[in-house]
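The values are calculated or read from the model by the stated rules, or taken from the named source; none is laboratory data. The structure presented is a predicted model; accordingly, all values stated were derived computationally and were not measured. Virtual Cβ from ideal backbone geometry, glycine too; neighbours counted across all protein chains shown. Side chains included, ligands, DNA and RNA excluded: accessible areas come from the protein's heavy atoms. Shrake-Rupley method; radii C 1.70, N 1.55, O 1.52, S 1.80 Å.
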Amino acid sequence: MLLAHPVVLKNLIEQYETLRALHAEAGTEDARRRMEDVAYTLCVSTGTRDVDTALVAARHQLPGARAEDDSLLAT
């Protein structure tokens, strides 16, 4: 499986978190649609099927992530 570049993953994580906050705050259709697009891209980039798993997988691929670190699963 090809792996996305860590910079791309970091950017996708930041975009998703920003859009999730915007959608929670304003609930606009545009924010929801963009959030779904970024979630899909995260899933494809990490080889996963749901956004929560994709976020964990993406964070574990970032520089400095430790394989034994499961702290991301508690969030």
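Residue by residue through the range 2-23, note down the ones that are more than 14 Å from residue 46 (Cα to Cα), more than 8 Å from the chain's Cα centre (by Cα) and of a type outside the set (S, T, N, Q). Listed by number, the residues that qualify are 19, 20, 21, 22, 23. Of the numbered conditions (1) part of a helix (DSSP H, G or I); (2) surrounded by 13 or more Cβ atoms within 10 Å (Cβ to Cβ), residue 48 satisfies every one except a single condition; which is it? Just one mismatch for residue 48, condition (1).
Of the residues making up the range 5-26, not a single one is of a type in the set (Asp, Glu) and open to solvent by less than 60 Å² (accessible area, probe 1.4 Å).
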